[in-house]
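Derivation of every value follows stated rules applied to the coordinates shown; laboratory data play no part. Bear in mind that the values here come from a model prediction, so they are computed numbers and not experimental data.
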Amino acid sequence: MPSPFPGMDPYLEGEMWQEFHETLASAIRAQVMPLLSPKYVALLAKRYVVRNPALSVMDLDGPREQVFYPDMHVVETATPASPTPAGSGATVAAPTTEMVSLLVEEVPLLSLEIRDVAERRLVTIVEILSPVNKYGEGFGEYVQRRSGLLTTKTHLLEIDLLRRGARLPLQGVFPPAAYYVFLSRRQRRPVTQVWAVGLRERLPVVPLPLLPPDPDVPLDLQAAVAACFDLVGYERLLNYNVPPPPPELSPEDTAWVDTTLRTADLRRTDATAG
């Protein structure tokens, strides 16, 4: 079954994000690889960002909810009861509650690298932004990485399918939208092309630049998301009976989401949308 939404599914911005992030990177590669061959190749490149959520808690200038990144996985295991020492006559008190320690972790991130086959030159990088790129230390790390890429001869395509978190540090006013795609062509810097995409809109077909005189390759982002749903079946895994993850939608968009899910028969008639 395809996604119930005509564009991006806002429910993916939750516990399924990390899985979707990697599946989307693979879907994009599968789509563009036949268009790149034989002169170019698309390779998946994984890197890790170290995230310390405890520092985020102490960052009063940032959003407090940033601790609950979709990138964080909590494994719950049964805790054995504490034994009472033999013959002590004392009863061990039960704990009041159990809480989760905020541990430093490495968050995996996938990028797509377009390289020419002859010389293995890095031509274009496709970045799919993750929550860890948009808050606190992770945002600073990404901005630094981005600044370094902009000094090279590499094209940079950035896909931001997250409504939540900081936007890229660009000069100018962002058109109002839920999602954005950014393209920095090496020969046009510092100009960055921006595609602003509304919640109810289809994701665009955007260009992947190559080496001159080769023409751009089209990347259909909506088709890539659809391929992810076809492969995994996210509609079976997402809880459409609750509101989507933050930020909160406007009343108009909340009503639209509710109508869309009811039409697709993915929301119970007694569920509350907002």
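Annotations for the structure displayed:
- Placed amide H near L162: partners under 5 Å, 5+ positions off or other chain: Y180
- The string of couplings for the stretch 244-250 from the Karplus curve (6.51, -1.76, 1.60, θ = phi - 60°) is x, x, x, x, 5, 7, 5 Hz, one whole number per residue in order, with x for Gly and Pro.
- Rounded to whole numbers, the Karplus 3J(HN,Hα) couplings from phi for the stretch 199-205 are 4, 8, 9, 5, 5, x, 8 Hz, using 6.51 cos²θ - 1.76 cosθ + 1.60 with θ = phi - 60°, and x at Gly and Pro.
- One chain, two ends: T96 and S26. Fully extended at 0.36 nm per residue, the span grows by 20.7 nm beyond their Cα-Cα distance.
- Using θ = phi - 60° and Karplus 6.51 cos²θ - 1.76 cosθ + 1.60, couplings along the stretch 115-130 (whole Hz; Gly, Pro as x): 10, 7, 5, 4, 10, 6, 5, 7, 9, 9, 10, 10, 10, 9, 5, 10
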